[in-house]
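See structure below.
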Amino acid sequence: MAGHELPEPADRKQVVDPLDDLRAAEETRHSCDPAFQHGVVVGFDGSTSSERALSYAIGMAVRSGSGLIIVHVANRLPTTVWAGCEPPVFVDVPDHRTEVLGLELACAGYLAEVPWILVERGGDICHELEEVGQEYSADAIVVGSTHGIVGRIFGSVAGRLARRAQRPVIVIP
């Protein structure tokens, strides 16, 4: 027998791994924090439009007395999707941009007046923002608008999110 396997009980009931509860508790640690329940989710990638969205989200969180959940979606779909090919899986390449953004945000003075966390996700931006919004029971999702030819051809994140989200989406120009 290779590796460690949990023995199967005589009555054939599923054996529960006690570490599963610890892992789940760690994943939901911030979502249970009252400061982040019903907080404001903001998509942030360091661009000018996302900086405007962050500024608006900070003001919104301060006014409502809630926390700010800053989401950076590090791994986008591979370029083959835009060419019309379906990828077998998402590309999971380490992205150090989240670490850089986190350091920049930690040093920024304008975040001192609101409790905030930075959440890194991988995958489709719209899906991940909505997923984080659901996890934290967010009151709103704030995103910056997309300008230029890319947004016109492929559709903007803000437009796709506004059509599919289950909570209010605020698009900052």
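The values are calculated or read from the model by the stated rules, or taken from the named source; none is laboratory data. Predicted, not measured: the structure shown is a model, and the values here were computed from it. Counting neighbours? That spans all protein chains shown, and the Cβs are built from the backbone with ideal geometry, glycine included. With ligands, DNA and RNA removed, areas are computed over all heavy atoms of the protein, side chains included. Shrake-Rupley method; radii C 1.70, N 1.55, O 1.52, S 1.80 Å.
If r is the Cβ-Cβ distance from E113 to A162 and R0 is 25 Å, what FRET efficiency results, to the nearest 0.05?
0.30
For segment 111-127, just list the computed ³J(HN,Hα) in residue order, Karplus coefficients 6.51, -1.76 and 1.60, θ = phi - 60°, integers in Hz, with x standing in for Gly and Pro.
3J(HN,Hα) across segment 111-127, in whole Hz: 9, 5, 8, 9, x, 9, 9, 10, 10, 9, 10, x, x, 6, 4, 4, 4.
Set the Förster distance to 30 Å, then compute FRET efficiency between H96 and I170 from the Cβ-Cβ distance, nearest 0.05.
Numbers: r = 29 Å, r/R0 = 0.97.
So, using R0 = 30 Å, E works out to roughly 0.55.
Taking H as built 1.01 Å from N, whose amide H comes closer than 5 Å to the amide H of V73, not counting residues under 5 places away?
When sequence neighbours closer than 5 places are left aside, the close amide H contacts are F44, R121.
When only the heavy atoms of the protein chains count and the probe is 1.4 Å, how do E128, E99, E120 rank by accessible area, highest first?
Of E128, E99, E120, the descending order of accessible area is E99, E120, E128.
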